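Report on one structure; see the data block that follows.
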Amino acid sequence: MATLGSYLLLAAFVVAAYAAAMSVAGARRRSNGLIESGVGAFYLVAAIMSAASAIIVHAFVAGDYTIRYVQEASDSVQPLFYKLTAYWGGLDGSIMFWVFMLSLFGSAAVYANRERQRELIPYVVATISVVQMFFLFLMVVHNNPFSTFLTESPTEGRGLSPLLQNFYMAIHPPTMYLGFVGLTIPYAFGMAALITGHLDDSWLRATRRWTMIAWLFLTIGLMLGMLWAYEELGWGGYWFWDPVENAAALPWFTATAFLHSVMVQERRGMLRVWNMSLVITTFFLTIFGTFLTRSGVVQSVHAFGDDPKLAWMFTAFMVTTLVVSFGFVIYRLPLLKARNELDSWMSREAAFLANNWILLFSAFFVLFATMFPTLSEAVRGERITVGAPFFNRWMLPIGLALLLLTGIGPLLAWRKSTLINLRDQFLFPVLLGVAVGAGVLALGVRMWSAGLCFAFSGLVVGTILQEFWRGARVRQGATGTDLFTALIGLVGRNKRRYGGYVVHVGVVLIFLGFAGSNGFKQEETGELRPGQTMTVGGYTVRFDALKVTDDGQKQMVTGHITVLKDGKEYAKMYPARWSFRRHEDEPTSEVAIRRSFAEDLYIAMPNYNPAEQIANVRVTVNPLINWLWFGFGVAAVGTAITLLPETAFAFAVTNVPAGAVTTSLLVLMLLIPAPARAQHIETGRAPNTAVQTPLEREVGHAVVCMCGTCGRKLVSECTCAKAEEMRSEIAALVKQGQTKKQILDFYIEKYGSQQPLAEPLDEGFNRLAWAFPYVIGVAALLLVVAIARRWSRPAAAVAGGDYAVDADLDSRLDDELRNLD
Amino acid sequence: MSHKAAKLGITGLVLAIAFGALLYTSLGESAEYYKHVDEVFATSDSAQTWYGKRLQLHGFVAPKSWEQRPGSLEYRFKVQSNGKIVQAYYTGILPDTFKEDSEVVLKGTLEPDGFHVTPDGVIAKCPSKYEAKSASGTGQGI
């Protein structure tokens, strides 16, 4: 199967090359046959990639550990869901998944536009095929997910990293890739337009939906990543300005800019070079992001390996992309001339322009700061880093400016706003903004950034309400229906505009979430023993007990915590630490979160001591954080509205009572942020007691855990269920008044040997055991000396000659032999 | 046309200078030098030049050097690289991956008595040979 997979990848590469060559040749010779052949080959790549994906998924499910990638990213005890998602759990598979997605997405886009964009299609196919070829090439020569072990293959896998065994992390990468891959489509159409010279706005119309879909996936992908960081990493935040996170955000900034500036081009025929450059930059940033995170160029806590070879391949591809793309832009400059000029700075297009500048500035600022350590090392020879505070200081005013523009932009008229319509438009939103600002001031908020954020949010909401209200009134007057029907009809008539406003509502919620969880976060850490309490932000947290359970795949240490609010019991919470089999040294934090509309109570237990019944807990109160997730949900719904087909709205208006539509939309919105999932399933076991006497502690250090899987861990340190049982046994024996010697004898008798003892008793024959390691050591040393002497004798005649050895294969063989132990 | 170009050019220049100046000043405040322990302690007095400066110190946790004050979250441990070693002080919760010999990056300032780590300033890398996707860090991000 692995061989078949490798051949399929090779075949995909050849077919993609064929598709690119044929469609270009067809377009140049005006031969429909050749073009058709190229497009057919392009679809074939999707088919081949599907087959290859089926093979790798089969290998994961069947547990074919002869394939290195399968062995590295899964094991037999992993739940089926994570076996499936292990497909994109590592570098090689994620590249393959990328190509798979690109081939599907590209085929769909080409199929949808095959009639309308006849002139562009051949070059779209060629562009996407070349991108596919690059990634296929990477796989074939460097990161083949189907490569097998050269020597004896292991019978069990190493298992997906426990941190990735989380629902959000399982679906985060494919969502992200869909976003990244989707952004290749507008790039391909843009390039096709540049190459053919068909630079009217038809390429923009063709790609509008695809850009929107890609943007939607990118946004959801970012949110899932944040949710994962929030729930899995256990430090109470969701964004760390880590290079990997930044890499994902970079194309989001430019894609958002593009979504806005596209409207200026459609409406006014301006910004044509700008839009083309944005599309190219966005595509470049998706590749650059992948490069950043996979090549070891920047240091990140997401410790990816250094891979200079991969880095060089990516660099070559990126430089080529940039040079070719912008080369064509310069070549076509005469055709890209703007049809209009900016009439006034008091116009919608000026607001869009400002929005674009800010977003582009954000992208370049984040890029600059992310690359700063690498840049400073290159320029000054010293690695200077900038941390999250630096990012926050800059992105805070930038974000506020963007929020302000979100409120102002829709109020300005195209071309030029007169003073009278400015007053007419701004009166209500500004009043609402001021009222909200005054309100939070009265509530005692004394932080300028949060206050401004609330005020601006009021302004934006006012703008959106006014837009909907006026639009609906006008439509009501024109059609003579009730307000709800008019509202639905209004949205249906101009889905992009009103869907966009819904997205803006989501953005407001996101900003409020940022303001709340950053400005008003409260956090305490403490070391608690059973019965002890600590108080954070009105909550009193009482630590009850520490329990240890095991479900076969992992060991779970759970802190039992009762939370009191106003003297009454508010919640029971169970922060836990899970140690997965074969990943014992990478325990994961299972955070306990009590969500509410106003704030989250977030308890993590980063450290514990089962013998002493001590837990270190970090208690965080995160105000408004759920508004953040909810805002993302609303933004997704807004995007979905813009993507709905015309017929859906026509149907809704004519056949369904308007109220029903509104209600179902509202219900849909409420459903979007997934309900809080259960963090932990308690299997129940009586809480054990803390160590009572010094003798108990001493014995705990002298006896090892006898469960057989813990690798002779001391009873006092081991976290498995057996150790807990043994600890209570020891406690009982101590209570009976037995001495250490008697207890140790008890265990020797119970297990029939000295196996339970951490160290052999220091007496008689056992002394030999102490000496044994030294004996072995000395013997080994002597052996080494003897061999060294023997081998360093001049060779009389060395048999054989030089073998032609592939250096790469050789080093891999070495690696595997080393790992065999 | 040339009048417009000049206006645009000047606006662009002013903006660029303003942003550049802002960037430069804020960078100066929040930049941290990224150093390995053996770089800071290369010679007997090279460490003195770093006293009081904000650093990100890279090294490995020295075996058996890790102590905790009972009943508190105050830790004391030594960090080493290439034979140079320094005492570090930290109060707070250590990340999951922090253990003996693990690779760490500490944020803080160097003082004559040792390296004082800022709260949540310990980032430990995953020691596993598995191609790790993520090591947990504690941080003062959002």
Search the stretch A:508-545 for residues being more than 18 Å from A:Ala571 (Cα to Cα) and hydroxyl-bearing (Ser, Thr, Tyr), and hand back the single one that is surrounded by the fewest Cβ atoms within 10 Å (Cβ to Cβ).
A:Thr525
Among (1) of a type outside the set (Asp, Glu); (2) more than 9 Å from chain A (Cβ to nearest Cβ); (3) part of a helix (DSSP H, G or I) - the single one B:Phe19 does not satisfy
(2)
Can you name the number of the only condition in (1) in the same structural domain as A:Leu353 (by TED's automatic domain parsing); (2) buried (at least 22 other Cβ atoms within 10 Å of the Cβ); (3) hydrophobic (A, V, I, L, M, F, W, C) that A:Ala455 fails?
(1)
Restrict the check to the stretch B:81-103 and report whether at least one residue is in contact with an Asp or Glu (Cβ under 6 Å, 6 or more places away or on another chain) and without any contact (Cβ under 8 Å) to a residue 40 or more places away in the chain.
yes
Please determine, by comparing only the residues of the stretch A:316-361 that are surrounded by fewer than 16 Cβ atoms within 10 Å (Cβ to Cβ) and among the acidic types (Asp, Glu), which one is farthest from the other protein chains (Cβ to nearest Cβ).
A:Asp343
Identify all residues within the stretch B:106-132 that are over 25 Å from A:Tyr608 (Cβ atoms) and modelled with pLDDT under 85; write none if there are none.
B:Lys129, B:Glu131
Quickly run through the stretch A:361-411 and pick out the residues that are farther than 30 Å from A:Gly437 by Cβ, part of a helix (DSSP H, G or I) and of a type outside the set (Ser, Thr, Tyr).
A:Phe364, A:Leu367, A:Phe368, A:Ala369, A:Met371, A:Phe372, A:Pro373, A:Leu375, A:Glu377, A:Ala378, A:Val379, A:Arg380
Does A:Val99 satisfy the criteria of being in contact (Cβ under 8 Å) with a residue 40 or more places away in the chain and outside any helix (DSSP H, G or I)?
no
Strands (runs of 3 or more DSSP E) wholly inside the stretch A:532-611 that include at least 3 residues being within 18 Å of A:Ala723 (Cβ to Cβ) and either more than 23 Å from the chain's Cα centre (by Cα) or not aromatic (Phe, Trp, Tyr) (or both):
A:539-550, A:554-565, A:576-580, A:599-609
Yes or no: A:Ala27 in contact with a Ser or Thr (Cβ under 7 Å, 6 or more places away or on another chain) and not aromatic (Phe, Trp, Tyr)?
no
Identify all residues within the stretch B:37-54 that are more than 16 Å from B:Gln80 (Cβ to Cβ) and within 14 Å of the chain's Cα centre (by Cα); write none if there are none.
B:Trp50, B:Gly52, B:Lys53, B:Arg54
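Yes or no, residue by residue, for (1) surrounded by fewer than 20 Cβ atoms within 10 Å (Cβ to Cβ); (2) β-branched (Val, Ile, Thr); (3) assigned by TED's automatic domain parsing to the domain that holds A:Trp345:
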{"site": "A:Asp424", "(1), (2), (3)": "yes, no, no"}
{"site": "A:Gly437", "(1), (2), (3)": "no, no, no"}
{"site": "A:Ile488", "(1), (2), (3)": "no, yes, no"}
{"site": "A:Gly506", "(1), (2), (3)": "no, no, no"}
In the stretch A:160-171, the residues that are within 11 Å of another protein chain (Cβ to nearest Cβ) and either of a type in the set (A, V, I, L, M) or free of Cβ contacts under 8 Å to residues at least 60 places away in the same chain (or both)
A:Leu160, A:Leu163, A:Leu164, A:Met169
Within the set of pairs 6 or more residues apart or between chains, which connect a residue that is under 18 Å from A:Gly537 (Cβ atoms) and at pLDDT 90 or above inside the stretch A:564-577 to a residue that is acidic (Asp, Glu) and in a strand (DSSP E or B) with Cβ atoms less than 7 Å apart?
A:Pro575/A:Glu590
So which residues in the stretch A:578-606 are within 12 Å of chain B (Cβ to nearest Cβ) and among the acidic types (Asp, Glu)?
A:Glu584, A:Asp585, A:Glu586, A:Glu590
Which of (1) crowded, with 22+ Cβ neighbours inside 10 Å; (2) more than 23 Å from A:Val557 (Cβ to Cβ); (3) within 14 Å of chain A (Cβ to nearest Cβ); (4) at pLDDT 80 or above is the odd one out, the single condition B:Glu103 does not satisfy?
(1)
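Residues are listed down the side, and each one gets a yes or a no for (1) in a helix (DSSP H, G or I); (2) within 14 Å of another protein chain (Cβ to nearest Cβ); (3) at positive phi; (4) touching a residue at least 60 places away in the same chain (Cβ under 8 Å):
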residue: A:Ala112; (1), (2), (3), (4): yes, no, no, no
residue: A:Thr151; (1), (2), (3), (4): no, no, no, yes
residue: A:Arg158; (1), (2), (3), (4): no, yes, no, yes
residue: A:Pro173; (1), (2), (3), (4): yes, yes, no, yes
residue: A:Met176; (1), (2), (3), (4): yes, yes, no, yes
residue: A:Phe189; (1), (2), (3), (4): yes, no, no, yes
residue: A:Leu194; (1), (2), (3), (4): yes, no, no, yes
residue: A:His198; (1), (2), (3), (4): no, no, no, yes
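The values are calculated or read from the model by the stated rules, or taken from the named source; none is laboratory data. For clarity, every value in this text was computed on a predicted model and none was experimentally measured. Reconstructed Cβ throughout: ideal geometry from the backbone, glycine too, with neighbour counts over all protein chains shown.
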